[in-house]
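What follows is a short report on a single structure.
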Amino acid sequence: MPRRRTRPVRVGSVTIGGGHPVVVQSMITEHTRDVAACVEAILRLHRAGCELVRVTAPTLNDAHAIGAIRAELARRGTPVPLAADVHHEGTRIAVEVAKHVDKVRINPGLFVFRKRRQGQEYTPEEAQAHRDEIERDLLPVLEACRAHGTALRIGVNHGSLSDRMLMTYGDTPEGMVESALEFIRICEKHDFRDLILSLKASRVPVMIEANRLLARRLAELGMDYPIHLGVTEAGDGDYARVKSTAGIATLLAEGIGDTIRVSLSEDPIHEIPVCYDILQALGLRRTKTEFIACPSCGRTRFDLPTVLAQVKAATGHLAGLNIAVMGCIVNGPGEMADADYGYVGKGDGMISLYRGREMVKASVPQERGVEELVRLIQADGRWVEPKEEG
């Protein structure tokens, strides 16, 4: 599917945007000053396939601790790309942490924090004074990022828009977009363009509309910054996964999005498979075998769930292959036309094996079906031995 054209932004050993594969990221939950625990959590996520790990930096002491985390990762020979999350007291913390990470994330709604004005509107002069204050505080961050080759993520959250944005645009996707654009314009004024943008919300329709609007506005303004996608505060369990997929996959299918995070109220290790499943389903990454299987019906003459499980156990390590398990020959050969190999029930304890659209073994006893499927793949030179665990 066509993807929105963006500039490439280097973040450590990965590149976000510029036609590169969509980057999978997550965030550890350990206290940042517990350096040993953070290092282990980062390495665990990285081994699970996480390509960029975010660490929170709520204080200056946490920013210093991230330096120790980075040093320990380097000592172990695993320089995992790191991002730092900066909210309040943004300037001092971001300047320090830019020395130690590959990307700094700031929240426009909190970067220069002001108390609520209880409905009192900002005058044009007050609004300009606030923008000037943002520029004054952001400039040292840009200089630090430039000096250390650190990217900057402008990460807007629907739930933390500034008071001025809320009064001007309301609690809307437009307010989220304008909040990001205000910071982008300051960055461009000072010729800093190693930017990644994100507009996150806990409500899927808001998140989708905000990112669609952002992509349109960027195109109108001739801006080509990559976009990070995520549904924030999605919760846990099946619904959180469905909710995250609804938002992220919808936008990826429209060509919007260059890096993703599925935010779960669980161990973050569980976020990584969901990310890769989303990318695999959309054809953006091939990290495992793609299985095609019918839901079964009265025509099925074998226990399809059991057979599917057996096929997956035998071939689930063959990343890049499409393998179909179909209950009967009525719809099977047509529905599995895109598969590399097919296992199709014939009835009376017999199955057929297909290579693409071609039937290559017509009457195989079901008890030998998986074995014969493996032999067919081996004969075609497409078999690899599964890696031993541990």
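The values are calculated or read from the model by the stated rules, or taken from the named source; none is laboratory data. Because the structure is a prediction, the values reported are computed rather than measured. Cβ atoms come from the backbone with ideal geometry, glycine included; neighbour counts cover every protein chain shown. Keep in mind that these areas ignore ligands, DNA and RNA; they rest on the heavy atoms of the full protein, side chains included. Shrake-Rupley method; radii C 1.70, N 1.55, O 1.52, S 1.80 Å.
Side notes on the structure shown:
- Residue pairs, from the table Lys312/Lys361; Lys312/Lys387; Lys99/Lys288; Lys200/Lys288; Lys103/Lys288, whose Cα atoms sit over 26 Å apart: Lys99/Lys288; Lys200/Lys288; Lys103/Lys288
- Sequence ranges 194-204, 374-384, 238-248, ranked by mean other-Cβ count within 10 angstrom, highest first: 194-204, 238-248, 374-384
- Binning all Cα-Cα separations of the stretch 257-390 at 10 Å, short to long from zero, yields these whole-percent fractions: 12, 39, 30, 15, 4.
- Once you divide the Cα radius of gyration of the stretch 79-195 by 2.2 N^0.38 Å, the number left is 1.06.
- Sulfur and carbon atoms: percent of accessible area, the stretch 29-111 [1.4 Å]: 53 percent
- Part-to-part distance (alpha-carbon centres) for the stretch 183-211 and the stretch 216-290, which is given in Å: 16 Å
- Think of a 1.4 Å ball rolled over the protein heavy atoms: the stretch 257-302 then has 43 Å² of accessible area per residue.
- Protection-proxy order for peptides 358-364, 261-267, each taking the mean of Cβ atoms within 10 Å per residue, highest first: 261-267, 358-364
- Where the alpha-carbon atoms of the stretch 1-99 are placed on the principal axes, they occupy 44, 31, 21 Å, in descending order.
- Protein accessible area in the stretch 151-227, 1.4 Å probe - carbon and sulfur %: 47 percent
- The residues of the stretch 206-255 present an accessible area of 38 Å² per residue when probed at 1.4 Å with all protein chains retained.
- In the context of the full set of protein chains, residues of the stretch 339-390 present 61 Å² of accessible surface per residue (probe radius 1.4 Å, heavy atoms only).
- Hydrodynamic radius by Kirkwood, which averages 1/r over all alpha carbon pairs of the stretch 153-244, in angstrom: 13.6 Å
- Mean projected area in nm² (Cα convex hull; one quarter of hull surface) for the chain: 22.1 nm²
- Each Lys and Arg contributes +1 and each Asp and Glu -1, all at the Cβ; summed about the Cα centre of the stretch 248-390, the dipole is approximately 480 debye.
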